[in-house]
Amino acid sequence: MKNRPLPVIIVSALFIVTGCVGLVYYIKDFFEPNSELYELIWVLFVRILAVVCGLLLFFEINQARWLAIAWLAYHIIIGAFHSTSEMIAHIVLLIMVSVLLFLPVSSIYFQNNKNKT
């Protein structure tokens, strides 16, 4: 399949934009004197991971589907410590992303990559 399916494009763009916005938002914390460096590095790593995940989805890497699900599952756990509404929002996102990435058209797109190697 030469054309990327729309669901894959949507999820890939969502992860890339989310990661980039998060990086820009949290990078300012490096300049605050009372910020926890280890915590900040972890947050930035998670944001970079979102960008990498989006790029891997865009380039037909099948394991990126599972990385995207794991990334959202991690956010469900983090959201549980913050608020119920945040946790529910991430659960809804996880369900939507899972459905989009495992639609038949998306599965065919990722299976075609296996046949190339």
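Okay, residues lined up against (1) over 26 Å from PHE30 (Cα atoms); (2) within 14 Å of the chain's Cα centre (by Cα):
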{"site": "ARG47", "(1), (2)": "no, yes"}
{"site": "CYS53", "(1), (2)": "no, yes"}
{"site": "ILE61", "(1), (2)": "yes, yes"}
{"site": "ALA68", "(1), (2)": "yes, yes"}
{"site": "LEU72", "(1), (2)": "no, yes"}
{"site": "ILE77", "(1), (2)": "no, no"}
{"site": "PHE81", "(1), (2)": "no, no"}
{"site": "ILE88", "(1), (2)": "yes, no"}
{"site": "ILE95", "(1), (2)": "yes, yes"}
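Hey, LEU23 hits all of (1) over 30 Å from PRO104 (Cα atoms); (2) surrounded by 18 or more Cβ atoms within 10 Å (Cβ to Cβ) but one; which does it fall short on?
Status for LEU23: all satisfied but (2).
Could you list, in sequence order, all residues of segment 48-66 that are aromatic (Phe, Trp, Tyr) and touching a residue at least 40 places away in the same chain (Cβ under 8 Å)?
First, pick out the residues of segment 48-66 that are aromatic (Phe, Trp, Tyr): 58-59, 66.
Passing the criteria: only PHE58.
Between residues in segment 1-30 that are over 10 Å from ARG47 (Cβ atoms) and modelled with pLDDT of 90 or more and residues that are in a helix (DSSP H, G or I) and of a type in the set (S, T, N, Q), which pairs lie under 9 Å by C-beta distance while being six or more apart or on different chains?
PRO5/SER106; PRO7/SER106; VAL8/SER106; VAL11/SER106
State all residues of segment 44-62 that are farther than 21 Å from LEU6 by Cβ and either touching a Cys at 6+ places or on another chain (Cβ under 7 Å) or exposed (fewer than 15 other Cβ atoms within 10 Å of the Cβ) (or both); if no residue qualifies, say none.
Correct list: PHE45, ILE48.
Just checking, which of ILE91, ILE69, ILE108, ILE76 is touching a residue at least 24 places away in the same chain (Cβ under 8 Å) and crowded, with 16+ Cβ neighbours inside 10 Å?
Being touching a residue at least 24 places away in the same chain (Cβ under 8 Å) and crowded, with 16+ Cβ neighbours inside 10 Å holds for just one of ILE91, ILE69, ILE108, ILE76, which is ILE69.
The values are calculated or read from the model by the stated rules, or taken from the named source; none is laboratory data. All values derive from a computational prediction rather than experimental measurement. Counting neighbours? That spans all protein chains shown, and the Cβs are built from the backbone with ideal geometry, glycine included.
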